[in-house]
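Visitor: Have a look at this one.
Derivation of every value follows stated rules applied to the coordinates shown; laboratory data play no part. Computed from a prediction, not measured in an experiment: that's the story for all the values here. Note that each Cβ is placed from the backbone with ideal geometry, even for glycine, and that neighbours are counted across all protein chains shown.
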Amino acid sequence: MATQHSRSAARIMMAPAVVLLLGWMLIPLTMTLYFSFKKFLPLRGGDLGWVGFDNYVRFVSSSAFWPSVQTTLIIVGGVLLITVMLGVLLAILLDQPLWGQGIVRILVIAPFFVMPTVSALVWKNMFMDPVNGLFAHLWKFFGAQPVEWLSDAPLFSIILIVSWQWLPFATLILLTAIQSLDSEQLEASEMDGAPPLARFGFIILPHLSRAITIVVLIQTIFLLAVFAEIFVTTQGSFGTRTLTYLIFQRVLESQNVGLGSAGGVYAIILANIVAIFLMRIVGKNLDS
Amino acid sequence: MGQITLNQITKNFGDVQVIPPLDLRIDDGEFVVFVGPSGCGKSTLLRLIAGLEDVTSGDITIDGRNATEVPPAKRGLAMVFQSYALYPHMSVRKNIAFPLRMAGLDKEAQNAKVDAAAKVLNLTDYLDRRPGQLSGGQRQRVAIGRAIVREPAAFLFDEPLSNLDAALRVNMRLEISELHQTLKTTMIYVTHDQVEAMTMADKIVVLQAGLIEQVGSPLDLYHAPRNKFVAGFIGSPKMNFLTGQYASGYDATTIGIRPEHIAVSSSEGAWSGRVGVSEHLGSDTFLYVDIDGVDEPITVRSTGEIGVRHGDNVYLTPDASKIHRFDKQDLRIP
Ligand SMILES: Nc1ncnc2c1ncn2[C@@H]1O[C@H](COP(=O)(O)OP(=O)(O)OP(=O)(O)O)[C@@H](O)[C@H]1O
Ligand SMILES: [Mg+2]
């Protein structure tokens, strides 16, 4: 596309997509910003005028704010921990020559294609139900009292469900990284006298470090916004109210659009901080 | 110590037998080179000795101890890989120290050994760099350093120089030979470059399709190849082979004559032919001469410049005492 003519033609042809994308992004963003500076209670008087940073201050100083941040961090951290650790393990396993490798790989990836709402419902009703769930049957089989997962261990249950969904993603990225490891390096370390655990710690893990960072960052962005799993299971009770869920409650349950929007802006800032790190690392990856 | 004996070892990959039963004895302090065409099983044989592959049958003895079932780390051998196989996230110092660290040596002992190895290999200025910041030759030296510090019973090299350019290759070849003179440790060296084999080896093992064709010193192989394959493989340029009327005069199925053992003349000689391509290297001239009844042109090497051109008629005279005769089974008739 060298000539002036072809360049302007390209611009015109790209314009609709660019305009659509910009509108898609900018309209909700501006509306959120706009509402966050207003006192807006749809069922209790509607638009009650500008209030400056009032909503921002109130959102942060509400008694629910810090616990929700804590919950968010626990869920994000827990899921990251589980997915990265199991992901590394699975990736190593899947990298071994294995009978029926293709099928096993597809099976491992499958959970990623299940919608969050569906998977949360399946977990809630088929596994974690204290009467009919598979876990309850398993517990009873061993003569134990079935666990009331969603009320006794609510955070853990949600972490489990979300981890199940994100494990395939982590596994896939880590598997491709492991496959790019030069097998001669492993053989060299074997000859150098490194037992399997040392080979893992000194060769495989450092080789995976970049892939792990990328998994952590990408997942963080998505995990900050985990919603369906909470909505379907605990509805934010038993200390499972994350930042996202708090915003949802402020807007829809308390019908306070202004306050919720201020929370939304906080969430945007948080996600962007992570995104900046991500882009730097990915950029570095592409450079080298 | 580094005396290695292979006794009737075989290796199968699935149904394919890559190494048919093979016997070989490598003496302490020897520099042994495995040569052969690509895919003949040189790397496989080396990896069997290293323990990176299990033998299908047979025994490997290292220093009188049966090592067939011994894991690679316990065989006391060090290997230098073609791709160097350095650990990219460790500094040169850590790379060289890695086997010592795995052996549980303390920091000071590690550093002392690494510094000594670095000095021998001229790596002292690079100890804090990562492998990615080194040139090919320096990486190769780091890989050798990592092997040296272990003070192995034997070094195994798998085509260590094939990623280097020609000039550096000559240099490293000398350095490795020098190292062998200094350490006097057994070295097994795989290559498909027969110049490397001829110049470095105490003993050359010529392999074809997993079979040992001949074992001997470089000059043994040059002067008395056991069969046509070895005769053609050792020596550069390749030996010329002639059959039919040319061979029958010598009471053989095939005769072979090396390019350096043929005299060229423009007036008289045993065989007449027409010059094809001639390659002038300054010190030598290689002529490719087509003679009647022979498909392949005969390669002739003469020293210095000679005044022949493409299309000239020349006469070739082989040095009768240097002619190798081969029978129907391609074995050399002494
Ligand atoms: N893991 C393996 N599985 C199946 N076949 C193999 C395996 N490794 C090697 N082979 C086969 O064994 C034969 C010998 O291979 P090897 O790598 O030892 O050859 P080589 O002499 O080192 O060749 P090159 O000079 O090209 O390195 C080849 O035909 C190769 O296809
Ligand atoms: Mg090889």
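Visitor: On full extension of the chain, what length is gained from B:N12 through B:H310, given 0.36 nm per residue of separation minus the C-alpha to C-alpha distance?
Guide: 102.2 nm
Visitor: Which of A:P196, A:P130, A:P146 ends up with the largest GNM mean-square fluctuation for chain A, with Cα atoms connected below 10 Å?
Guide: Evaluated over chain A, the most mobile residue of the options is A:P196.
Visitor: What does the net charge come to around A:S180 if you take all other residues with beta carbon closer than 11 Å to its beta carbon, with K and R at +1 and D and E at -1?
Guide: -1
Visitor: If amide hydrogens are placed 1.01 Å from N in the peptide plane, which non-local residues have theirs closer than 5 Å to the one on A:F40?
Guide: Distant-sequence amide H within range of A:F40: A:L48, A:V257, A:G258, A:L259.
Visitor: I would also like to ask the following. Would you compute the Debye intensity of the stretch B:4-231 from its alpha-carbon atoms alone, equal scatterers and no solvent, and pass along log10 I(q)/I(0) at q = 0.11 Å⁻¹ to two decimals?
Guide: -0.56
Visitor: Show the residues, 5+ positions off or on another chain, whose built amide H is closer than 5 Å to the amide H of B:T68.
Guide: It is B:I60, by chain and number.
Visitor: Considering only DSSP states other than H, G, I, E and B, which trypsin sites (Lys or Arg not before Pro) in the stretch A:1-51 qualify as loop sites with at most 15 other Cβ atoms within 10 Å?
Guide: A:R44
Visitor: Could you tell me how far the Cα centroid of the stretch B:168-222 sits from the Cα centroid of the stretch A:181-246, in Å?
Guide: 48
Visitor: Under a point-charge model restricted to the Cβ atoms of Lys and Arg (+1) and Asp and Glu (-1), what is the dipole moment magnitude of the protein assembly as shown relative to its Cα centre, in debye to the nearest 20?
Guide: Using only the charged Cβ atoms, the result is roughly 2600 debye.
Visitor: How much of the DSSP beta bridge set in the protein assembly as shown is antiparallel, as a percent to the nearest 5?
Guide: Given both bridge residues lie in the protein assembly as shown, the antiparallel proportion sits at roughly 75 percent.
Visitor: When the dipole is taken about the Cα centre of the stretch A:86-195, and only Lys, Arg (+1) and Asp, Glu (-1) are charged at their Cβ, what size is it in debye, to the nearest 20?
Guide: Dipole of the stretch A:86-195, to the nearest 20 debye: 660 debye.
Visitor: Taking the Cα centre of chain B as origin, work out the dipole magnitude from +1 charges on Lys and Arg Cβ and -1 charges on Asp and Glu Cβ, in debye rounded to 20.
Guide: 1120
Visitor: Okay, next question. Any idea what angle helix B:136-148 forms with the longest principal axis of chain B, computed on alpha-carbon atoms, 0 to 90 degrees, nearest 10?
Guide: Approximately 60 degrees, to the nearest 10.
Visitor: Separation between the B:T56 and A:S209 pseudo-spin-labels, each 7 Å from Cα along Cα→Cβ, expressed in nm?
Guide: Each label point lies 7 Å from its Cα, and together they span 4.3 nm.
Visitor: Find the relative contact order for the stretch B:1-88 and round it to a whole percent, using C-alpha pairs within less than 8 Å whose residues are 6+ positions apart.
Guide: Relative contact order here is 31 percent.
Visitor: Roughly what would the spin-label model give for A:L134 and B:S267, points 7 Å off Cα along C-beta, in nm?
Guide: In this crude label model, A:L134 to B:S267 measures out at 9.9 nm.
Visitor: Could you give each residue of the stretch B:152-158 its phi-based ³J(HN,Hα) in whole Hz, using Karplus coefficients 6.51, -1.76, 1.60 with θ = phi - 60°, and x for Gly or Pro?
Guide: x, 6, 7, 9, 10, 10, 10
Visitor: What stretch of chain B, leaving out the sites themselves, is the longest with no GluC sites (Glu not before Pro) in a DSSP loop having at most 16 other Cβ atoms within 10 Å?
Guide: Formally, the longest exposed-site-free interval is B:70-267.
Visitor: What relative contact order, as a whole-number percentage, does the stretch B:4-231 give when Cα pairs under 8 Å and 6 or more residues apart are counted?
Guide: Over the stretch B:4-231, the number comes to 28 percent.
Visitor: If I take every Cα pair under 8 Å that is 6 or more residues apart in chain A, average their sequence separation and divide by the length, what percent do I get for the relative contact order?
Guide: Taking the mean separation of contacting Cα pairs over the length of chain A, I get 28 percent.
Visitor: When chain A is modelled as a GNM with alpha-carbon springs shorter than 10 Å, which of A:L160, A:L138, A:L205 fluctuates the most?
Guide: Greatest mean-square fluctuation among the candidates belongs to A:L138.
Visitor: If you bin every alpha carbon distance in the protein assembly as shown into 10 Å steps from zero, what whole percent lands in each bin?
Guide: 3, 11, 15, 15, 14, 13, 11, 7, 5, 3, 1, 0, 0
Visitor: Continuing with the same structure: At a Förster radius of 30 Å, what calculated FRET efficiency corresponds to the Cβ-Cβ distance of B:L105 and B:V70, to the nearest 0.05?
Guide: With a Förster radius of 30 Å, E is 0.90.
Visitor: Rule-of-thumb check for the stretch B:22-117: C-alpha Rg over 2.2 N^0.38 Å?
Guide: Compared with the compact-globule rule of thumb, the stretch B:22-117 sits at 1.29.
Visitor: For the charge dipole of chain B, defined by +1 on Lys and Arg C-beta atoms and -1 on Asp and Glu C-beta atoms about the Cα centroid, which residue among B:V16, B:S283, B:I49 has the Cα displaced farthest towards the positive pole?
Guide: Farthest towards the positive end: B:I49.
Visitor: Once amide H atoms are built 1.01 Å from N in the peptide plane, which residues 5 or more positions from B:Y189, or in another chain, come under 5 Å H to H?
Guide: Here B:V32, B:V33, B:F34, B:F157 satisfy the definition.
Visitor: Could you tell me the calculated FRET efficiency between A:D182 and A:V114, based on Cβ-Cβ distance and R0 = 41 angstrom, to the nearest 0.05?
Guide: Efficiency at R0 = 41 Å is approximately 0.70.
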